[in-house]
Structures are given as structure tokens and as C-alpha cells.
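Contents: one structure, followed by commentary.
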Amino acid sequence: MTLARKFYSSKMKGLLVLTVLFVAVFGKKTFEGDQLLQITAKDEAQISLLKELSEQEHLGLDFWREPVHESLPVDVRVPFHSLQAVRAFLGYNQIQYNVMIMDVQDLLDDEEREMVKYRSFPRSTDDFVYTTYHDLNSINSFIDMLVAENSNLVSKIVIGQSYENRPLNVLKFSTGANRPGIWIDTGIHSREWVTQASGIWFAKKIVTDYGRDPVLTDILSNYDIFLEIATNPDGFAYTHSNDRMWRKTRKPNSGSSCVGVDPNRNWDAGFGGAGSSSNPCTETYRGPSAHSEPEVKAIVDFVKSHGKLKAFVSIHSYSQMLLYPYGYTSTPAKDQAELHELARKAVTALQSLYNTRYTYGSIITTIYQASGGTIDWTYNQGIKYSYTFELRDTGRYGFLLPANQIVPTAEETWLALMAIMEHTRNNPY
Amino acid sequence: MLCAHWSRLRRVSSRSCCATALRSTHSSTRLSSSPERIMKTFCSVWLLLSVVELSPAQEPPLPETAEDMASTGDLEPTHYPARRAAQVALHYLNTRHGSPFRVFGLQQVHKASAEDVEAGGRKYKLDFSVTDWASGSAGPALRCSADVLFPRTERHSAPDVKLRCEALQQINRTVQEEEAFYQKHIPPDSAVSARDIPDSYGNMSEEMQPFWRLARVAASFIMLRESSENTEFNMVQMASVTQQESSEEQLMLEFVVLLHDLPSQEIVQWKLLASWSPDRGVRVLQTEWQPRCPHATKPPN
């Protein structure tokens, strides 16, 4: 008995059980009362008997290891209804066996519980499920795990607090001090879930590719990368708890029952002009004054105190576009030609992966007039390579993009980001 | 809140005229051609008249929109003026040819131009391609051309669309699926109802796909009717579907849909009653705008 137990290490058992679990899940069977027997035939005659037994279809025997030779043990799952008959047969023919698993279903239930536990609390960023949408707690756990696993490369900076006092967490990827930086943010509009999900993927991509991909490694030898995944955490929490379509911050507006400010109309660039609203009950409400929202102010303060950011990318969805300044005026940006050409390169790279069509151009000509926008401000601060993405799709699912598109979206977008970062690295200013 | 905004959406097209008059006095590079001068005069007069209309209004003045400076002549196909007009043509296409197994999406605009017309509207000429979402990424692209006329009237009125798509007649392969779907749900004991399709995570069951497509087609009637040069609508969700008693051998479905307008970023909710059968296609019988927050009042209609 002990010999068999040793052989049946938990790993082996686990593997076999998982197979059964798969069958169980897809075949929708249960295995209550079923037992796993390990049979040891002592000669050719007993092997023949076991082969005969295996042909009795009405017994429903499930051989995990078929009878082949007397030196090899035979593993069979015996359904509950056949147990008495099988044990009688084995006893009558004096064929030796051990009960390895008393109740297969019990074991499956245990495994299931383990797996559920594992799903809710990934033990590492390798366990983390990138193909599903996560909530804020999950994202913050991910951030802490990533830092813990890659402490040479990654650190967490808290640049401020949201209106509801949530930390504004930024991941810093750095291989040395006093470097110029590249900024990426996702989730500034909380309902654009594919963006936060992509941000998580980008973070993992950076640590995976550092030291493996020469281009990224070279970029990180010269620049720091800053990544803010949940740029509007209050709004994001609200999309999970109350309203999936919430876009703005969650700060109340005095004199109004309507809550929230559009964080992408709150920047001091053409603030108050056409392309934003002065009505707190609208989705593009600009706020009482520029930088009135703590989520925006935190980034403004960070950018100003850093002083050496060279590229700034703010990620939204949906529409499949890559946009550069300006949104608040039709006056072309000083660097329009270069920005346009770089956008073309980035979009070409993006499209090469899954043939996803993107359009590109200035905000005001391509999508709509928008005042007080993020990248208009960053551009006016002197951050030349200021871009906004609008990720998948073009309106079929819109904000409710199926989770199976998260990774393909992140993968293709990463190619565009790499093109922008590479160009930044090769064109210092 | 949405009352104020909804009327804004409806009024934008008429106010854009007012804005054009203001704009042209500021722009330095604009050549003042004859039609533009007529437009300016017309707009100044209209502006004077509209001041009387505007003063009792409670909502704040509309931000001026750059769309009003949109060029006449050839348009950049990837920019929003052409795209919005193409989207309108697409809504029209779906009202005529959409079904539980066919919904068209815009693939690409190839060429576009716009011109002001005598009655005071703007007409877009478009050359674009569409794909059928139901046939997935494997489906062929259909080439279409359309004339989309946005009228310039005091109160919003629906754009007028003339559309030609090549090979439209050749895609009849969904007849069997339509029949099967119809037969399954026409019996009196069929009482389909569902909510939040797709859900927050973008999930939608196979079973629900035809209903979602029907909602999308029915919503196209509303989106078409409510469109202007300053809107760009998509349906984000079928908030609910409730099957009603069949009438005259038509499937009767009550939908609540959430529409998203890109320029304003507003989510607008509509309840509608639609009928469908393989022979008659989709018809929309009733529509009702539904406020999404407790303080909104109905739009002036």
C-alpha cells in the first residue's frame, strides 16, 4: 500500500485529476462515489481477465492505464454503480488491487476550490490572468507583486490621491538615476476598460522584455518609463459598483446634483474653449477651473517637478486612432510634420500584427474639437512626442469590448508604443 | 441633465449656422466667396431671430463647434466630417438591409466631398466600404456610394440618404438562419427576455446574438433620425429585450438600447418597439427617449 502511495505522488495525482476535471467540465459529468483502483496482475492470465473486464461496456470503466503486461500496474476509475461487481470480480479471481482514490468527486471538488482560490488571488504576475477584466483591488495587487518580483527595475510612486482618497499609483521602470522619462497613462476615462487592461499587460511586457529585447533594453538604458494604469481610480471603482458607463471623476460639483468632471477637459490648454462643456451634468464638463481635479493636478505636479519627460502618451478607447495635438485649436502644432510621420510609422507597426485599421492625425481634424485636453497641455509644456490613442474597436462593442480582445489589443498597441519610444530615444532634444 | 443635453444635440445643427456667422468674422484666411456671403447674411439674420428664441432657454450657450468651419469640396476620408456622414449612410443601410443575421459596419471611407445646397443644407458624396459583422472577419467588404444631405432647418430634421451598394442582392445566404430563428420564436409561448447584452465584460451568448443584431438594426432607425453633422452614434448595449405578443405574424420585440454619441460622449437611452419577419424585415413602431438620471426632464419634442 505504501509503495503505491509513494508512486502516486500528489503531482501525478493532480495531473490525472486535472484531466478528469477537464472531462468533467466539458462532459458535465459528476464522479460521486467513483473510486480509482490500482490493479496489479501477477501473470498473463490475469492480464487477459482484465482485458475481458475492460470490454464490459455496461460497467462504464475508465482505464487511465490499460492492462498491457503483468509488470505494469493498471489504473481504472470505476463508476459507483459498478463498484460492487468489479470488486467481486477481482476478489473471485484473486487479482490484487488498491483503492487509490476513495471518492473521485471529493478530490475534484478540492481541486476546484484550489483553482478558484488561485484565480482570485494570483500568487505572482505569472499567475495573473491577462485575458480578463480586473477590478481596482486586483490591479493594485498586481502592481505590488510586479514591484516585489522586479525590484531592480520597478518601483511604485504615489503621485497623489484621488478625490475619494485612493492612491494614484505610478509604476516607474528605471535602470539608473537622473534619466529623461517617457510617460504612459491608461484609464483616465474609467469606462474605457480595455485601456486599464492593456496597461497591466504593458507593465508585464516591460519586465519580460527587459534584458531580452535589445530595443527596449536600450530605451531603458537611457530613459525611465512611467506607467499609470488606473489614472481615474474613483471612476473605475464606480464602473464596477454602480454604472459601467461612468466616464468622469467622482468629485461633486457645488450648486449641482451632478457629479464629476471630465479629466480630459480639465487641463490648462485652451481651457474653457469650444470642445468642452460648462454644464456639470454633461460628460465633457471641464470643471470649475483648470487642474481642479486632484487626479489631473497630481500628474501636472509630477510632470513639472520631473522636468525631463520627453514623450507622453495618454490612452483611451474607442475609435482606433492615434492622435497628436491640438484638440483645442486648428492651428497646426509646430512639430506637426514630424508628429504626423511618426504616427504613420506607429500605426503601420500596429497594423502589422492583426491588420487592425487605425486612422491618425491631429485631434481637432480627426476626431473632434476638444479643449483642455491632456496632450495639448503636455505638448505646450515642451513634451514634443505627445500622443493620444483611441484603442479598439470602432463602435461595434465600443466600451464593452469582449475580454478575448484585451491581449490582441495590448499586443498591437505595444508595437505602436515601441515605435514612439524608439523614435524618442533616437531623437533626443 | 440629459434633457438639456438632448435638446442641445437637436439644436446644434441649427445653431451651427449661427456659429458660422461668428466664425467667419474671425478667420483670417477664409476667402469670401459668393455662396459664403449669402450664408453670412442669412446667418446674421437668423442669429438675430434666434436670440429671441434663445433667451428663455435654461441651458448654457453651446460651445462653438469647429465642424462649422468644415470645408466644402474634397474631404479627407479619415477625418470626422466624412466619417460622420458615412456613419449616417450606414445607419440607413442597416434600416433597409439589417436582420438578425446581418448588421453592417463601416470599414473605410475611400473618397468624400461636401457642398452646400440651395435649400440651406450640406450634401456629402461618399465612396466607402462596409463589412457584415455577422460574417466575422472572414466576410467580404461591400463597396457603396451615398449622397447624404443634412438639412439646415430651425428644428432638427433627419438627414436624407440615397445609397447604392454593389452586390447587395448577392448576399442572400442568411435566409435559412432567418427562417429557423423566426420559426423558433413566433409560437405564442415564446417569451424571450434578457438584460445587459453584452454584459460589462463584453460577453454575449450565441443565443443572444440575433437579438442584439435586431436591437442594433432597430436602433439604426433612431440613430439615423437623430443624426446631424455634429453627432456620431453607435449602440453600446442592448440594455433589455422583452418579447411581446406576436402580431400579424411579426415577431414583436421591445428593446431598451444605450446609444453613444462620440462628439458629446453622452450615453442616451431609448425604448423602442420593433417588429421583424423574414419577409417584412425590421420595422420600428414606437420610440421613446428615456432619461438616465432622476433630474432630467423630457426633451421638447
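Would you confirm, using the coordinates I've provided, whether B:Ser145 is without any contact (Cβ under 8 Å) to a residue 60 or more places away in the chain and open to solvent by less than 30 Å² (accessible area, probe 1.4 Å)? It is false that B:Ser145 is without any contact (Cβ under 8 Å) to a residue 60 or more places away in the chain and open to solvent by less than 30 Å² (accessible area, probe 1.4 Å). Could you please let me know if A:Gly372 is open to solvent by less than 20 Å² (accessible area, probe 1.4 Å) and in contact with a Ser or Thr (Cβ under 7 Å, 6 or more places away or on another chain)? Considered against the rule, which asks whether it is open to solvent by less than 20 Å² (accessible area, probe 1.4 Å) and in contact with a Ser or Thr (Cβ under 7 Å, 6 or more places away or on another chain), A:Gly372 comes out as yes. When segment B:76-101 is limited to residues that are within 14 Å of chain A (Cβ to nearest Cβ) and in contact with a Ser or Thr (Cβ under 6 Å, 6 or more places away or on another chain), the one that is nearest to A:Thr366 (Cα to Cα) turns out to be B:His79. Taking segment B:102-129 as the range and being among the charged types (D, E, K, R), away from chain A (no Cβ under 14 Å) and assigned to a strand (DSSP E or B) as the test, the residues that pass are B:Lys111, B:Glu115, B:Asp116, B:Arg122, B:Lys123, B:Lys125, B:Asp127. Test A:Gly361 against the criterion of being touching a strand residue (DSSP E or B) at 6+ places or on another chain (Cβ under 8 Å), open to solvent by less than 10 Å² (accessible area, probe 1.4 Å), within 14 Å of another protein chain (Cβ to nearest Cβ) and not in a loop (DSSP other than H, G, I, E, B), and give yes or no. Yes; evaluated as a whole, the condition is true for this residue.
With respect to the conditions (1) in contact with a helix residue (DSSP H, G or I) (Cβ under 6 Å, 6 or more places away or on another chain); (2) at pLDDT 85 or above, A:Gly33 lacks only one, and its number is (2). Annotation: of all residues in segment A:153-173 being in contact (Cβ under 8 Å) with a residue 24 or more places away in the chain and charged (D, E, K, R), the one that is nearest to A:Asp185 (Cα to Cα) is A:Lys172. Among the residues of segment A:237-283, the ones that are more than 8 Å from chain B (Cβ to nearest Cβ), more than 17 Å from B:Pro291 (Cβ to Cβ) and of a type in the set (D, E, K, R) come to 5 in all. Looking across segment A:364-409, the residues that are at the interface with chain B (Cβ under 8 Å from one of its Cβ atoms) and aromatic (Phe, Trp, Tyr) come down to A:Tyr368, A:Tyr397, A:Phe399. Name the pairs whose Cβ atoms lie under 6 Å apart, with the first residue in segment A:34-56 and touching a residue at least 24 places away in the same chain (Cβ under 8 Å) and buried (at least 20 other Cβ atoms within 10 Å of the Cβ), the second assigned to a helix (DSSP H, G or I) and among the acidic types (Asp, Glu), and 6 or more positions between them or separate chains? Here the result reads none, with nothing in segment A:34-56 linked to a residue that is assigned to a helix (DSSP H, G or I) and among the acidic types (Asp, Glu).
Which members of segment A:391-415 meet the condition of being among the acidic types (Asp, Glu) and open to solvent by less than 20 Å² (accessible area, probe 1.4 Å)? Hits for segment A:391-415 are A:Asp393, A:Glu412.
The values are calculated or read from the model by the stated rules, or taken from the named source; none is laboratory data. Owing to the predicted nature of the structure, the values given are computational and were not obtained by experimental measurement. Counting neighbours? That spans all protein chains shown, and the Cβs are built from the backbone with ideal geometry, glycine included. Surface accessibility is based on the protein's heavy atoms, side chains included, excluding ligands, DNA and RNA. Shrake-Rupley method; radii C 1.70, N 1.55, O 1.52, S 1.80 Å.
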